[in-house]
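The values are calculated or read from the model by the stated rules, or taken from the named source; none is laboratory data. Please read all numbers here as calculations on a predicted model, not as lab measurements. When we count neighbours, we look across all protein chains shown, and the Cβ atoms used for this are built from the backbone with ideal geometry, even at glycine. Please note that ligands, DNA and RNA were not included when accessible areas were found on the heavy atoms of the full protein model with its side chains. Shrake-Rupley method; radii C 1.70, N 1.55, O 1.52, S 1.80 Å.
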Amino acid sequence: MLALKVEFKYAEIAKLALIEKGLMDKNYELKKDAKHIYFPITGKAELDFPNKIVQMNFDKRENREDWKSKLVGDKSLTQKQAELMVKSFDVMGDIAIIEIPEELEKAKKRIADALLKMHSNLKVVAKKGSEVSGKFRVRKLEVLAGENRTETVYRESGCAFEIDLAKVYYSPRLSFERERIAKKVKKGETVLALFAGAGFFPIVICKYQPKCKIVAVELNPVAVKYMEKNIARNKMETSIKPILGDVKKVLGGKKFRRWANRTTLPLPHSAYEFLAEILDSMKKGGIVHFYYIPKTKVESAFKEAIVKIKKACNEKKRKFKVVYKRIVKTYAPHVDEVVIDFKLLN
Ligand SMILES: C[S@@+](CC[C@H](N)C(=O)[O-])C[C@H]1O[C@@H](n2cnc3c(N)ncnc32)[C@H](O)[C@@H]1O
């Protein structure tokens with residue numbers, strides 16, 4: 001079998017990259033030796049951390065992840081009903097967030113109770129009650145089993161985040177991006193963490209590079225309240241300054257003119273609308289991490305994103321060079337979220 005061999009220090013980033021690219025073979029157990037971890041994989045991919053592809057045998061994994069068959073086994077669902085459920089669910093801290101198709105509305109409590117029983121680390125099971133929507137990018141949640149709360153503590157990259165999942169945006173799937181960017185930040189950099197939510201990007205960046213100065217801007221007052229708590233919880237008050245406000249207004253004045261070495265823009269549907277103000281705030285040589293989701297199916301989200309960047313840079317007479325790009329995740333069938341890192345050359 002194919003295996004991805006990485007040193008222990010790259011284990012977490014390798015796991016996230018393989019899950020994201022759909023290359024992890026979950027039917028087999030991981031293996032370790034004194035220095036390395038070996039992931040069973042279903043194919044090869046270009047990865048931006050040191051790794052080797054080797055051949056080895058793995059032990060078959062006990063089918064503990066297949067909660068659908070367990071639900072059938074304990075008679076919570078019929079086989080037919082189980083087929084309707086999506087296989088995976090997100091876990092944030094001690095809360096599982098599941099999708100329940102309309103056809104299973106009547107069985108939702110039974111499903112949630114069974115899931116709660118299956119995983120001792122879970123205290124709450126909640127159902128997605130809507131898509132992520134509105135300017136604060138929040139999703140409605142309906143608690144189905146366990147304690148009646150949507151607040152939890154989520155851990156990522158050695159940082160702890162307190163967050164109310166029904167009031168603030170969250171995405172465990174961006175953890176790879178946060179680590180990828182955090183590892184690039186150099187000592188003394190000035191970073192604008194825009195659309196910062198509960199502080200995930202700035203806090204992970206500060207964990208990797210405590211000797212930098214981060215200004216984190218967010219419009220949702222509840223998210224800023226959690227960001228402040230999270231900055232204190234992770235003891236980063238001297239490096240991160242949270243600002244409650246609209247990115248356009250905060251960057252519109254003179255204060256941040258040519259201020260930043262780097263900026264993160266995790267608002268993929270509309271970050272391009274802020275590029276004029278963002279470009280004004282960037283120093284020569286600065287790096288912009290630009291996230292983008294096209295409005296409709298397009299052949300290449302990259303091409304469309306670059307058109308937006310070019311237009312904004314032309315208007316501001318800034319020259320740029322793309323230094324990195326990748327697909328972050330599939331947003332909808334045939335619609336990808338992409339990230340483009342570009343460097344300002346003047
Ligand atoms: C997709 S979320 C990303 C949140 C966070 N960076 C994360 O990784 O979890 C986008 C965030 O941008 C915020 N936002 C939307 N429009 C904004 C604006 N004009 N100025 C500042 N923040 C804004 C939303 O409230 C939301 O928290």
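For residue 234, indicate whether it is among the polar types (S, T, N, Q), out of contact with any Leu (no Cβ under 8 Å at 6 or more places or on another chain), more than 27 Å from residue 279 (Cβ to Cβ) and surrounded by fewer than 23 Cβ atoms within 10 Å (Cβ to Cβ). Considered against the rule, which asks whether it is among the polar types (S, T, N, Q), out of contact with any Leu (no Cβ under 8 Å at 6 or more places or on another chain), more than 27 Å from residue 279 (Cβ to Cβ) and surrounded by fewer than 23 Cβ atoms within 10 Å (Cβ to Cβ), residue 234 comes out as yes. Residue check: residue 262 meets all listed conditions (1) among the basic types (Lys, Arg); (2) closer than 23 Å to residue 328 by Cβ; (3) surrounded by fewer than 20 Cβ atoms within 10 Å (Cβ to Cβ) but one, namely (3). Against the numbered list (1) part of a loop (DSSP other than H, G, I, E, B); (2) within 16 Å of the ligand (Cβ to nearest atom), residue 224 comes up short only at (1). Scanning the stretch 67-84 turns up no residue that is open to solvent by less than 50 Å² (accessible area, probe 1.4 Å), closer than 30 Å to residue 156 by Cβ and modelled with pLDDT of 90 or more. Here residue 23 meets the list (1) in contact (Cβ under 8 Å) with a residue 24 or more places away in the chain; (2) open to solvent by less than 60 Å² (accessible area, probe 1.4 Å); (3) of a type in the set (A, V, I, L, M) almost entirely, failing just condition (1). Criterion first (in a helix (DSSP H, G or I), at pLDDT 90 or above and surrounded by 19 or more Cβ atoms within 10 Å (Cβ to Cβ)) does residue 126 satisfy it? Against the criterion (in a helix (DSSP H, G or I), at pLDDT 90 or above and surrounded by 19 or more Cβ atoms within 10 Å (Cβ to Cβ)), residue 126 does not qualify.
Okay, residues lined up against (1) more than 9 Å from the ligand (Cβ to nearest atom); (2) open to solvent by 40 Å² or more (accessible area, probe 1.4 Å); (3) not assigned by TED's automatic domain parsing to the domain that holds residue 19:
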| position | (1), (2), (3) |
| --- | --- |
| 131 | yes, yes, yes |
| 138 | no, no, yes |
| 154 | yes, no, yes |
| 181 | yes, no, yes |
| 184 | yes, yes, yes |
| 198 | no, no, yes |
| 203 | yes, no, yes |
| 212 | yes, no, yes |
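Being assigned to a loop (DSSP other than H, G, I, E, B), more than 9 Å from the ligand (Cβ to nearest atom) and open to solvent by less than 80 Å² (accessible area, probe 1.4 Å) is the filter here, so list the residues in the stretch 237-256 that pass it.
Once the filter is applied, which keeps residues that are assigned to a loop (DSSP other than H, G, I, E, B), more than 9 Å from the ligand (Cβ to nearest atom) and open to solvent by less than 80 Å² (accessible area, probe 1.4 Å), the stretch 237-256 yields 239, 253, 256.
Of all residues in the stretch 144-196, those satisfying the criterion of being in a loop (DSSP other than H, G, I, E, B) and more than 25 Å from residue 213 (Cβ to Cβ) are 147, 148, 149, 150, 165, 166, 167, 170, 171. Of the residues making up the stretch 47-62, not a single one is modelled with pLDDT under 80, in contact with a helix residue (DSSP H, G or I) (Cβ under 8 Å, 6 or more places away or on another chain) and loosely packed, with under 13 Cβ neighbours inside 10 Å.
Apart from one condition, residue 107 fits all of (1) over 16 Å from residue 150 (Cβ atoms); (2) more than 16 Å from the ligand (Cβ to nearest atom); (3) open to solvent by 30 Å² or more (accessible area, probe 1.4 Å); the exception is (3).
Kindly indicate whether residue 221 is over 22 Å from residue 344 (Cα atoms) and either open to solvent by 50 Å² or more (accessible area, probe 1.4 Å) or not charged (D, E, K, R) (or both). Considered against the rule, which asks whether it is over 22 Å from residue 344 (Cα atoms) and either open to solvent by 50 Å² or more (accessible area, probe 1.4 Å) or not charged (D, E, K, R) (or both), residue 221 comes out as yes. When 144, 116 are checked against the criterion of being more than 25 Å from residue 22 (Cα to Cα), touching a strand residue (DSSP E or B) at 6+ places or on another chain (Cβ under 6 Å) and open to solvent by less than 30 Å² (accessible area, probe 1.4 Å), a single residue qualifies: 144. Among residues of the stretch 213-232 that are touching a residue at least 40 places away in the same chain (Cβ under 8 Å) and closer than 19 Å to residue 263 by Cα, those with a beta-carbon under 9 Å from a residue that is within 9 Å of the ligand (Cβ to nearest atom) and in a helix (DSSP H, G or I) at least six positions away or on a different chain give the pairs 215/202; 215/250; 219/247. In the set (1) open to solvent by less than 50 Å² (accessible area, probe 1.4 Å); (2) in a loop (DSSP other than H, G, I, E, B); (3) within 13 Å of the ligand (Cβ to nearest atom), the condition left unmet by residue 269 is number (1).
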